[in-house]
Amino acid sequence: MNTALLYPAGYNADFLEIPLPLPAPPAGTLIRELPYTHFTVLLDPARRLAIATGVNIDGDQLVTVDRGDDWHLDSRIPLYEQTGESVYARNDLDRGHLVRRQDPVWDDTTTARRANYDTFAYTNAAPQAGAGAFNQSKQLWLGLEDHVLTYARTNGNRISVFTAPVLSAQDPIYRGVKIPQAFWKMAAWTTTTEDSTVLHAAGFVRPKPTARRHRPRHGPRPSPHVW
């Protein structure tokens, strides 16, 4: 039996030339660390949503596979620790991918297809306003995601990306789940010049269409329409 199919390696902290661990929750926080193919979800079982996700993107090995739509629960943890279909049914909430579907889809075809499937785990989703209200029809958040992925693909570059909802005690409750009102994302990459390797990072928070964001000085710069 191929144990890699049962126990994927998950996010690799040594993927870049400089080690970059997953974001650490506050000491004493109960989390479930769930490795998938090329990414990991740190799940808050009380909130039933991720507190952080980390994915490795290899721009030189990205593969195109059929999307599918196989949303599924993770059998490794109890059902009551997950936000499943009952929260999204018969309303305008979207199942918002945290680790974007295309990001971990690289390596050989079998691995890429498994990564694609893994992104449809409900543990990798968070409720978002539907009908394009959150993503503004690719003008904002999706535009940023597109730009990061395009940078990795065009430059054959390795990038690690962290994404999650901002979990607040004041979030409104819907069908027993507190619905996040904001999301954050951080992209990290390295550059090497004259035998010196430097780690770069750019962070973004998406609470409202009017929120301000800071433009990174190097690497994957969001195109003007993202801002």
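The values are calculated or read from the model by the stated rules, or taken from the named source; none is laboratory data. Just so it is clear, the structure is predicted and the values come from calculations on it, not from any experiment. Here the Cβ positions follow ideal geometry from the backbone for every residue, glycine too, while neighbour counts run over all protein chains shown. With ligands, DNA and RNA removed, areas are computed over all heavy atoms of the protein, side chains included. Shrake-Rupley method; radii C 1.70, N 1.55, O 1.52, S 1.80 Å.
Can G132 be described as modelled with pLDDT under 95 and more than 17 Å from the chain's Cα centre (by Cα)?
Values: modelled with pLDDT under 95: yes; more than 17 Å from the chain's Cα centre (by Cα): yes.
Yes.
Within the stretch 151-208, the set of residues being open to solvent by 10 Å² or more (accessible area, probe 1.4 Å), of a type outside the set (K, R), modelled with pLDDT under 90 and not in a strand (DSSP E or B) comprises Y151, T154, N155, G156, N157, E194, D195, P207.
Could you tell me whether D14 is open to solvent by 40 Å² or more (accessible area, probe 1.4 Å) and touching a helix residue (DSSP H, G or I) at 6+ places or on another chain (Cβ under 9 Å)?
On the way: open to solvent by 40 Å² or more (accessible area, probe 1.4 Å): yes; touching a helix residue (DSSP H, G or I) at 6+ places or on another chain (Cβ under 9 Å): no.
It is false that D14 is open to solvent by 40 Å² or more (accessible area, probe 1.4 Å) and touching a helix residue (DSSP H, G or I) at 6+ places or on another chain (Cβ under 9 Å).
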